[in-house]
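Below is one structure; the comments refer to it alone.
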Amino acid sequence: MIDEFFAPLGARASAHIRDLADGRGLGVRETEPVILVSVVKLFIAWEFRRQVEEGLVDPAALVRVTAADRLGGTGTAGFRHDSQISVWDLAALMMEVSDSTAADLVARHIGIGSLRSLPARTGLKGTRLIGSPRAILEEVARDLDVSDLEALAHVLESGSVSTEELRGTSAWDPARTNASTPADLTAFLRHVWNGPAPVAADVRTWMSRQLTGGRLSRLAPSGVAVFGRSGSLPGWRNEVAVWEWPDGRRHAIAVFAQVTRDNTREVELAMSRAALALTDALGQ
């Protein structure tokens, strides 16, 4: 059924849905590895909030964001001048506007070791977290034989590297980058939603304020409350979400689409159709 939405678009999807109450789930290719891209920020946010709850991190601690930290993009990643921001507000920027510099600084604050050990601590056997956005970009620079991230930015802006060359780098390979499976991601969302109430509430708030993405929710009924985290690279469109229905049902949904054509809007609409179809199938 899910393939019918994507095959005519030259795309292929992996997807899973899980009931947050009883853990029931179903999907297609749900145990196949997929690249996380910015979906990794969900894991960084949860680990940060967990450490705050346990008194390991001061959320009001100020972090200076300098030119050397900026990775390009939204939020602090695209600031023109140096700034000083609390680590809590960096976490919010990371989740709400997908600020990659903020993600990098929050990950540094909580410790990369803690991030890497998270899958084992939460029982996610198909998930591997190797590093923050900066670490992933540094691997891409090495793959392309580029000296540093500044040089990589120039290479990408100039268009001197083809999409096919980029897709041959580690960032596009689930075996060499931050990766998970749709089934693991819905299991993690169930872990978040059913975990300590203060932690769950803040992660839920951040996901509800996501300004980029919204791929799964385009066809969601108006009475459904949606909480999401998206990620993308050329050739990939990803999103995980929780839908809370007026009747009390709560579903975690993960849809990852591999794209071969320049038809992003159509693929994202297919992702939302897939989400609706999964909710219907789970209710049967």
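The values are calculated or read from the model by the stated rules, or taken from the named source; none is laboratory data. Being a predicted model, the structure only gives us computed values, none of them experimental. Note that each Cβ is placed from the backbone with ideal geometry, even for glycine, and that neighbours are counted across all protein chains shown. For the accessible areas, the whole protein counts, side chains as well, though only heavy atoms, and no ligand, DNA or RNA atoms are used. Shrake-Rupley method; radii C 1.70, N 1.55, O 1.52, S 1.80 Å.
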> Please report, for the Cα atoms of region 39-96, the Rg to one decimal and the Dmax as a whole number; what are they, in angstrom?
Replying inline: 11.9, 35
>> Kirkwood Rh over alpha-carbon pairs of region 140-284, then Stokes-Einstein at 4 °C and 1.567 mPa s: what D in µm² s⁻¹, rounded to an integer?
In response: 76
>> Can you compute the radius of gyration and Dmax for region 91-134, using only the Cα atoms, both in Å?
In response: 11.1, 29
> Considering every pair of different Cα atoms, what Kirkwood radius, in Å, is found for the chain?
Replying inline: 19.1
> Which whole-angstrom value gives the distance between the alpha carbon centres of region 144-204 and region 241-272?
Replying inline: 18
>> With θ taken as phi - 60° and the coefficients 6.51, -1.76 and 1.60, list the Karplus ³J(HN,Hα) couplings across region 87-99 in order, rounded to whole Hz; mark glycine and proline as x.
In response: 5, 4, 5, 5, 4, 5, 4, 4, 7, 7, 10, 6, 6
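Could you order Thr122, Thr212 by accessible surface area, starting with the largest, using a probe radius of 1.4 Å?
On the way: Thr122 30, Thr212 55 Å².
Final ranking, largest accessible area leading: Thr212, Thr122.
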>> Counting C-alpha atoms alone, how compact is region 44-162: give Rg to one decimal and Dmax as a whole number, in angstrom.
In response: 15.3, 47
>> Placing +1 on the Cβ of each Lys and Arg and -1 on the Cβ of each Asp and Glu in region 141-231, which of Pro182, Val226, Val161 has its Cα farthest towards the positive end of the resulting dipole?
In response: Val226
> Under a point spin-label approximation (7 Å from Cα along Cα-to-Cβ), what is the Arg249-Arg64 distance to one decimal in nm?
Replying inline: 5.3
>> Not counting ligands, DNA or RNA, and with a 1.4 Å probe, what is Ile136's accessible surface area in Å² rounded to the nearest 10?
In response: 30
>> Rounded to whole Å, give me the distance from the Cα center of region 87-106 to that of region 1-80.
In response: 12
> Whole-Å semi-axes of region 1-87's equivalent ellipsoid, largest first, each the root of 5 times a Cα gyration tensor eigenvalue?
Replying inline: 37, 22, 8
> How big is the C-alpha Rg of region 18-62 next to the rule-of-thumb value 2.2 N^0.38 Å, as a ratio?
Replying inline: 1.67
>> Tell me the mean residue ellipticity at 222 nm calculated for the chain from its helices only (DSSP H runs of n ≥ 4, each -39500 (n - 2.57), averaged over every residue, nearest 500).
In response: -13000 deg cm²/dmol
> In cubic angstrom, how much convex hull volume per residue do the alpha carbon atoms of region 223-278 span?
Replying inline: 73
> Assigning unit charges at the beta carbon (Lys, Arg +1; Asp, Glu -1) and nothing else, what dipole magnitude in debye, to the nearest 20, does the chain show about its Cα centre?
Replying inline: 560
> Considering only protein heavy atoms and a 1.4 Å probe, what is the carbon-and-sulfur percentage of the accessible area of region 1-67?
Replying inline: 53
